[in-house]
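Quick notes on the structure that follows.
Read the figures in this text as sums done on the coordinates, not as results from a lab. These numbers were taken from a predicted model, which means no experiment stands behind them. Reconstructed Cβ throughout: ideal geometry from the backbone, glycine too, with neighbour counts over all protein chains shown.
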């Protein structure tokens with residue numbers, strides 16, 4: 001990797017770290033929020049979902065804008081909006097007796113800011129490097145930062161919740177403003193000397209791209225969405241299980257973080273290793289999803305009475321999911337031309353956010369029926385993702 005661009009990449013990596021913290025930091029605090037605001041488990045899960053839903057709607061727009069006006073011009077306002085919305089949620093929690101509606105509003109605006117941030121990171125990394133192996137390594141670092149945020153989030157969230165339930169809202173602006181300064185000062189995105197493509201021509205080129213490569217692109221899209229759904233649904237289950245067993249605070253945060261350590265470490269290792277070996281990327285994806293499905297299948301049959309069994313199997317399953325993340329990113333980013341990269345990867349990010357949005361509320365609804373039903377659904381989803389990756393992703397034709 002080019003040494004002079006390592007600082008740029010480190011600054012870019014703070015964006016997914018911040019966006020993950022802005023959402024996942026609330027997961028261990030949801031039970032406390034339920035009690036403080038007098039809401040149900042389903043309503044508290046919507047605080048996670050609302051952030052993702054609004055991002056889903058606006059990500060394609062921000063992806064297109066990043067292709068037209070530049071990546072930083074989209075990312076920096078997004079980071080400021082995430083910071084301002086976090087402060088608004090914190091203020092509402094302090095100033096209003098029943099703040100749920102205002103907190104939900106703040107989370108929606110925060111999702112809008114997120115729509116301008118993480119989805120633009122993938123094409124920005126693709127723009128930054130000329131060699132495909134450097135792009136793969138960079139994307140691995142980005143996914144590592146993303147998953148490292150998930151590792152830190154339950155620990156930080158639990159620690160802040162010991163102070164008061166709304167304190168995580170006040171820390172989101174801190175993370176966002178640090179990222180804003182680093183990106184503004186250090187990231188030097190390459191300037192595109194080509195003239196802007198007319199909108200109609202651009203749309204026609206994207207439509208033609210999907211006609212030509214749509215099968216494998218949609219395969220990556222769906223697999224990525226399932227990956228996020230499995231991660232966030234299992235995290236919600238683990239958080240609720242620990243709460244039922246009266247495990248709170250830092251201990252709870254550390255236990256929730258254990259499967260995420262596997263996710264983070266595997267994403268980093270695979271990103272460093274795969275280079276430009278596209279055939280290998282496909283098989284890592286398939287095997288990763290099958291391995292996750294096997295672990296979740298075991299939990300479908302039982303073994304949920306013992307906490308260490310649950311955590312061990314979620315840890316093992318997270319290794320498979322973590323292996324799939326950077327390979328899907330690399331397949332998509334390296335397979336698309338720079339001029340269309342922002343738009344195409346933005347749809348990918350939308351579907352990933354859809355998985356994030358669906359995870360907690362669907363997990364809450366399924367747990368009400370039976371815990372086995374949640375794991376049967378997750379097992380089926382991971383198996384389907386493996387089949388989709390096997391059938392649709394054909395590196396030779398990419």
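Based on the Kirkwood radius over alpha-carbon pairs, what is the Stokes-Einstein translational diffusion coefficient of region 64-169 at 4 °C with 1.567 mPa s viscosity, in µm²/s?
It comes out at roughly 83 µm²/s.
Using Cβ contacts closer than 10 Å as the measure, can you line up 382, 295 from fewest to most? List each step's numbers first, then the result.
Numbers: 382 29, 295 24.
Taking fewest neighbouring Cβ atoms as first place, the list is 295, 382.
With each label point set 7 Å from Cα along the Cα-Cβ vector, what nm distance links residue 159 and residue 210?
A separation of 4.4 nm, rounded to one decimal place.
If you average 1/r over every pair of different alpha-carbon atoms in region 32-126 and take one over that average, what Kirkwood value in Å do you get?
Details: mean 1/r = 0.0715 Å⁻¹.
Its Kirkwood hydrodynamic radius stands at 14.0 Å.
Just to be sure I understand the model, the point goes 7 Å from the Cα along the line to the Cβ. What's the resulting residue 280 to residue 218 distance in nm?
Rounded to a tenth, the inter-label distance reads 3.1 nm.
Could you order peptides 306-314, 77-85 by the average number of other Cβ atoms within 10 Å of their residues, highest first?
Details: 306-314: 16.3, 77-85: 22.1.
Output ranking for 306-314, 77-85: 77-85, 306-314.
Relative to the present Cα-Cα distance, how much length would full extension add between residue 184 and residue 73 at 0.36 nm per residue of separation?
39.0 nm
Grab the beta carbon distance between residue 308 and residue 365, set R0 = 25 Å, and tell me the FRET efficiency rounded to 0.05.
0.40
At R0 = 25 Å, how high is the FRET efficiency between residue 203 and residue 380 if r is their beta carbon distance? Nearest 0.05 is fine.
FRET efficiency, residue 203 to residue 380: 0.10.
To the nearest 0.05, what FRET efficiency results for residue 273 and residue 372 with a Förster distance of 25 Å applied to their C-beta separation?
Numbers: r = 36 Å, r/R0 = 1.44.
With R0 = 25 Å, the Cβ-Cβ based efficiency is 0.10.
How large is the translational diffusion coefficient of region 262-391 in µm² per second when you combine the Kirkwood radius over alpha carbon pairs with Stokes-Einstein at 25 °C and 0.890 mPa s?
Rounded to a whole number, D works out at 156 µm²/s.
Please compute the modelled spin-label separation between residue 391 and residue 97, points set 7 Å along Cα→Cβ, answer in nm with one decimal.
5.7
Under the Kirkwood approximation for Rh and a Cα-based Rg, what ratio Rg/Rh is obtained for the chain?
Reported Rg/Rh (Cα atoms, Kirkwood Rh): 0.96.
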